[in-house]
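The values are calculated or read from the model by the stated rules, or taken from the named source; none is laboratory data. All figures in this text were calculated on a predicted structure; none of them were measured in a lab. Virtual Cβ from ideal backbone geometry, glycine too; neighbours counted across all protein chains shown.
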């Protein structure tokens with residue numbers, strides 16, 4: 001059934017956004033809407049211009065008989081900055097301070113609107129990188145990994161600290177906890193990650209970097225390559241972290257359990273992605 005242009009534009013945009021990083025041919029859309037390829041090309045030009053103008057992403061068009069278009073989600077600097085500043089303000093509330101100097105994050109990382117932004121922001125950093133899988137450790141990093149993976153349109157894998165019978169055969173590595181300096185163990189199902197994969201590591205919070213360093217070791221066990229490390233927040237740490245090349249959206253500079261105050265600032269994300277150093 002032939003479709004009006006306004007209806008096509010809405011449906012095509014939805015189709016692209018549900019299938020990021022996927023080549024969709026002009027022939028598919030022409031048959032779907034019973035329209036000429038020339039009309040579909042004009043539609044794609046409108047969508048391409050709009051998503052770029054709004055900072056939603058990039059629509060790459062590929063010419064030729066086997067060509068089509070690929071939608072790559074993104075976020076512009078202003079929107080990324082506004083989100084990080086909002087999270088900085090929300091994370092600074094004193095009622096987030098937990099016994100032992102820990103900061104409560106679970107409510108933020110349980111909100112769909114926050115997770116959508118986190119996924120877009122992190123995916124933006126790796127827009128021109130080959131990524132085959134997103135890795136995190138159970139449990140609080142899981143929603144972040146799922147959101148990032150959805151924008152990159154790749155699988156996400158969960159490293160666990162204890163094996164589950166439903167995981168089948170696993171690979172295990174020992175690592176040193178960065179904060180407590182204890183020897184810990186983490187495991188990953190052999191079926192979760194293909195050999196030679198390009199892997200992005202994400203997590204909710206990093207202090208000494210021991211857990212992230214453990215995931216680096218796991219990636220090496222699978223003869224795969226670490227593409228990058230991005231965490232939602234990093235905490236202040238006395239001493240040298242076990243990982244040095246990483247990105248953080250937020251930084252918990254200090255926690256005072258006596259005065260019940262938390263000082264939070266933007267992490268190094270804006271500088272690393274947009275080249276803008278925070279004051």
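Only residues that are in a loop (DSSP other than H, G, I, E, B) and under 11 Å from the mean Cα position of the chain (by Cα): list them for the range 108-130, please.
Residues of the range 108-130 in a loop (DSSP other than H, G, I, E, B): 111, 126-130.
Listed by number, the residues that qualify are 126, 127.
For the range 196-212, check the following and say yes or no: at least one residue is outside any strand (DSSP E or B), assigned by TED's automatic domain parsing to the domain that holds residue 237 and exposed (fewer than 14 other Cβ atoms within 10 Å of the Cβ). Break it down stepwise before answering.
Pass one, the range 196-212, residues outside any strand (DSSP E or B): 196-197, 207-212.
With assigned by TED's automatic domain parsing to the domain that holds residue 237 added as a condition, the list becomes 196-197, 207-212.
Still in the running and exposed (fewer than 14 other Cβ atoms within 10 Å of the Cβ): 196.
So far as the range 196-212 goes, yes, one or more of its residues are outside any strand (DSSP E or B), assigned by TED's automatic domain parsing to the domain that holds residue 237 and exposed (fewer than 14 other Cβ atoms within 10 Å of the Cβ).
Can you name every residue in the range 162-178 that is surrounded by 14 or more Cβ atoms within 10 Å (Cβ to Cβ) and assigned to a loop (DSSP other than H, G, I, E, B)?
163, 177, 178
Matching residues to (1) in contact with a strand residue (DSSP E or B) (Cβ under 9 Å, 6 or more places away or on another chain); (2) modelled with pLDDT of 95 or more; (3) not assigned by TED's automatic domain parsing to the domain that holds residue 155:
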| site | (1), (2), (3) |
| --- | --- |
| 12 | yes, yes, yes |
| 36 | no, no, yes |
| 46 | no, yes, yes |
| 59 | yes, yes, yes |
| 64 | no, no, yes |
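In the range 23-39, which residues are in contact with a helix residue (DSSP H, G or I) (Cβ under 8 Å, 6 or more places away or on another chain) and under 19 Å from residue 72 (Cβ atoms)?
Matches in the range 23-39: 24, 26, 29.
Checking the structure you have, find out if any residue of the range 6-23 is assigned to a helix (DSSP H, G or I) and in contact (Cβ under 8 Å) with a residue 40 or more places away in the chain. If you could, list the steps in order and put the result at the bottom.
Just the residues of the range 6-23 that are assigned to a helix (DSSP H, G or I), to begin with: 6-18.
Narrowing the set further to residues that are in contact (Cβ under 8 Å) with a residue 40 or more places away in the chain leaves 16-17.
Within the range 6-23, one or more residues are assigned to a helix (DSSP H, G or I) and in contact (Cβ under 8 Å) with a residue 40 or more places away in the chain.
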